[in-house]
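Here the structure is laid out as structure tokens; the discussion comes afterwards.
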Amino acid sequence: MASFILRKAEPKDVSDILRLIKELAKYEEMEDQVILTEKELLEDGFGEHPFYHCVVAEVPKEHQSSEGHTVVGFAMYYFTYDPWIGKLLYLEDFYVMKEYRGYGMGSEILKKLSHTAVKTRCSSMHFIVAEWNKPSIEFYKRRGASDLSSEEGWRLFKIDKQFLVKMSSEE
Amino acid sequence: MASFILRKAEPKDVSDILRLIKELAKFEEMEDQVILTEKDLLDDGFGEHPFYHCVVAEVPNEQQSSEGHTVVGFAMYYFTYDPWIGKLLYLEDFYVMKEYRGYGMGSKILKHLSNTAVKTRCSSMHFIVAEWNKPSIEFYKRRGASDLSSEEGWRLFEIDKQYLVKMSSEE
């Protein structure tokens, strides 16, 4: 199996995108945490103001997966803003189905995203990787990635909705 | 000094926004790294597709700073997307000038952002904090923030433009 195409996701792809999001979450042992629905993916990605963008990797029908899927990989990204340098491309999710790995799909996807970043005048691509995910860390480092958490000591924080509601209703 | 207002930034505020970005960078000992210009801020924040949003804190003329400024605090944020839950509000920069601290401006700004997040149906607010910045870490923890880097082992990576160009032009 060597042939595949990369293309911008379309509204019809939301069911495949959700399936692949869940597969990646399963790999991270977090499958139950995916509460997003196809309807939300549709509104949020293909409405007037897209909150995310996707590229998908598709194989010809003859190479469909055991469950009949031809969309076998994806990357979800959006644009963020660094107050020192401006626009950045933020890579949020990136996954190729296990049986389709080793054919250069991942590299091609990353190359396409790099091209998008350069074309839209982004200064850098940012993303987070779990510290235990050595294969991914190596994949990115081979391509020039640096670990800002190590180099600059950044830690990611969150304030969940319950606390946002609490703060927004306090006097 | 007790009175101030919070409002959405307008195009006329870009010069104050840049000034405050540089002040915060100076606090992080990175002032020379700010290469963004007022023109970039104008194009990127007030064009057809805003890449960031800002709220600013303004004091009355009688309480202007020693250098004659009335815009004395700001927060820069944008919307990101979590493939498991959907829209998030990402807090990128957050700063109040030293002489105006202790009056609740920071709390009010965070409350304003919390309200924005809830109103726009975001599930959470995310942001990064430098591990050495104990006062900020405490400020956020008091309001319900959790350290995802500690809890889930996330590390922030970047691939800089030189490597993006290299990847996008490789065969």
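The numbers here are math on the coordinates, done by the rules we state, and not lab data. Keep in mind the model is a prediction, meaning the values are calculated, not measured. Ideal geometry is used to build each Cβ from the backbone, glycine not excepted, and the neighbour counts take in all protein chains shown.
Using the Cβ-Cβ distance between B:Asn133 and A:Asp32 with R0 set to 51 Å, the FRET efficiency from 1/(1 + (r/R0)^6) comes to roughly 0.90.
Sequence-ordered 3J(HN,Hα) estimates for the range A:124-138 from the Karplus curve with 6.51, -1.76 and 1.60 and θ = phi - 60° stand at 6, 10, 10, 5, 10, 9, 5, 4, 7, 7, 4, x, 5, 4, 5 Hz, glycine and proline given as x. For the set A:Lys26/A:Lys134; A:Lys87/B:Lys8; A:Lys87/B:Lys141; A:Lys8/B:Lys119, the pairs lying more than 27 angstrom apart at their alpha carbons are A:Lys87/B:Lys141; A:Lys8/B:Lys119.
Computed per residue of the protein assembly as shown from DSSP H runs no shorter than four, each worth -39500 (n - 2.57), the mean residue ellipticity at 222 nm is -10500 deg cm²/dmol. Taking trypsin sites (Lys or Arg not before Pro) across the range A:75-171, the ones in a DSSP loop with at most 10 further Cβ atoms lying within 10 angstrom of their Cβ are A:Arg142.
Relative to the globular-protein estimate of 2.2 N^0.38 Å, the Cα radius of gyration of chain A stands at 1.12.
Please find, in a Gaussian network model of chain A (springs between Cα atoms separated by less than 10 Å), the residue of A:Met97, A:Met125, A:Met30 whose mean-square fluctuation is greatest. Looking only at A:Met97, A:Met125, A:Met30, the biggest GNM fluctuation is shown by A:Met30.
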